[in-house]
Amino acid sequence: MFGPHQKIILHLLDIPKMADALKGVVMELQDSSYPLLDSVVATTDVQTAFLHINVAILVGAFPRGPGMQRKDLLKVNVSIFKEQGEALNKYASRDVKVLVVGNPANTNALTALTKASDLPTANFSALTRLDQNRAQSMISEKVGVSVENVNNVIIWGNHSLTQVPDVNHGYISNYPQRDLVSPIKSAVEDEKWLNEQFIPLVQNRGAAVIAARKLSSAASAANAIVGHMRDWLLGTRDGEVVSMAVYSDGSYNIPKGLIFSFPVTCRQGQWSIVQDLKISPFIQAKLELTTKELEEEKQVALSFLN
Ligand code: LMR
């Protein structure tokens with residue numbers, strides 16, 4: 001995640017109920033003899049966990065249980081991410097890079113950011129790289145190419161059922177033969193599949209994993225976290241576009257102040273939103289739906305915050 005030579009001090013925070021399990025995690029880390037793991041601080045104390053950290057990966061959130069309304073879920077998570085935002089504000093390094101993974105990730109990130117008013121909004125993000133990876137993997141299977149040849153699929157909006165996977169700016173490299181480039185749409189040759197099957201498959205993939213495992217995605221989420229942070233810190237490749245949910249500056253007419261997944265490039269530890277992509281009417285209609293959902297979530301979260 002930080003390159004092949006960067007040593008790390010890992011701070012692990014869990015709730016008191018999980019303190020014993022946390023000890024077990026530390027044992028496994030020790031037993032892995034990771035050469036880049038300098039030391040581990042395992043704690044149930046928020047101040048100890050957040051003190052001087054440079055990177056925060058906020059994985060823990062309250063999961064939605066049977067019969068629980070989205071609003072109830074937001075309420076519990078607002079209290080978790082309010083505390084974490086305050087702790088980031090007080091104790092973390094001023095250039096801390098924050099990645100929220102726990103759902104509802106975009107709005108949890110917005111809650112944390114709202115309570116960390118001394119930190120730049122650009123320090124906060126939520127994970128949609130998992131959706132991008134899922135989408136690129138599905139395209140690779142459909143076209144019959146290696147996933148490394150599928151580039152620049154974009155995820156817009158919320159990490160939820162309204163997310164918008166968009167292949168219109170993506171391309172397949174070395175296709176149909178070496179050194180040639182083909183737009184994804186031409187390589188797939190099946191617009192109906194792209195519009196009617198691919199999009200819902202990506203949107204529902206998290207739920208499909210839960211249905212199969214009876215647990216949320218874990219390894220693929222961890223892999224997406226690594227990709228997201230590595231690109232943010234070390235930079236994207238020339239011409240490479242990745243998706244990150246970040247604080248909207250009004251680009252693409254998305255209201256300012258939402259944590260919204262955009263196509264970005266990263267350089268020297270800063271992300272920037274890719275501008276001037278042409279948005280088709282089909283995608284535009286979907287952007288409006290995901291924006292509406294995020295605005296509603298924001299209103300509910302703010303009402304609990306205040
Ligand atoms: C995922 O996309 O795998 C998860 O966000 C699903 C979930 O609700 O935990």
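The values are calculated or read from the model by the stated rules, or taken from the named source; none is laboratory data. Keep in mind the model is a prediction, meaning the values are calculated, not measured. Every residue, glycine as well, gets a Cβ built from its backbone with ideal geometry; the counts of neighbours run over all protein chains shown. Please note that ligands, DNA and RNA were not included when accessible areas were found on the heavy atoms of the full protein model with its side chains. Shrake-Rupley method; radii C 1.70, N 1.55, O 1.52, S 1.80 Å.
Laid out as a table, the results:
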quantity: Residues that are open to solvent by 70 Å² or more (accessible area, probe 1.4 Å), more than 9 Å from the ligand (Cβ to nearest atom) and assigned to a helix (DSSP H, G or I), drawn from segment 208-231; calculated: Ala212, Arg213, Ala219, Asn223, Arg230
quantity: Number of positions in segment 98-145 that are within 17 Å of Glu240 (Cα to Cα), in a loop (DSSP other than H, G, I, E, B) and either charged (D, E, K, R) or more than 16 Å from the ligand (Cβ to nearest atom) (or both); calculated: 0
quantity: Condition broken by Asn103, with the remaining ones in (1) among the polar types (S, T, N, Q); (2) within 17 Å of Leu294 (Cα to Cα); (3) modelled with pLDDT of 95 or more satisfied; calculated: (3)
quantity: Pairs, first closer than 15 Å to Val100 by Cβ in segment 206-230, second more than 9 Å from the ligand (Cβ to nearest atom) and in a helix (DSSP H, G or I), C-beta under 8 Å, six or more apart; calculated: Ala224/Arg129; Ala224/Gln132; Ala224/Asn133; Ile225/Arg129; His228/Arg129
quantity: Entirely in segment 232-306, the strands (runs of 3 or more DSSP E) that have 2 or more residues that are closer than 15 Å to Ala105 by Cα; calculated: 242-247, 259-267
quantity: Test set (1) more than 19 Å from Thr128 (Cβ to Cβ); (2) within 16 Å of the ligand (Cβ to nearest atom); (3) at pLDDT 95 or above - Met244 fails condition number; calculated: (1)
quantity: Residue match in segment 54-74 (condition: over 27 Å from Ile210 (Cβ atoms) and open to solvent by 70 Å² or more (accessible area, probe 1.4 Å)); calculated: yes
quantity: Given (1) modelled with pLDDT of 95 or more; (2) surrounded by 12 or more Cβ atoms within 10 Å (Cβ to Cβ), index of the condition Phe304 fails; calculated: (1)
quantity: Odd one out for Arg205, checked against (1) open to solvent by less than 50 Å² (accessible area, probe 1.4 Å); (2) under 15 Å from Ile155 (Cβ atoms); (3) outside any strand (DSSP E or B); calculated: (1)
quantity: Out of Gly170, Gly157, Gly144, sole residue that is free of Cβ contacts under 8 Å to residues at least 40 places away in the same chain and surrounded by 20 or more Cβ atoms within 10 Å (Cβ to Cβ); calculated: Gly170
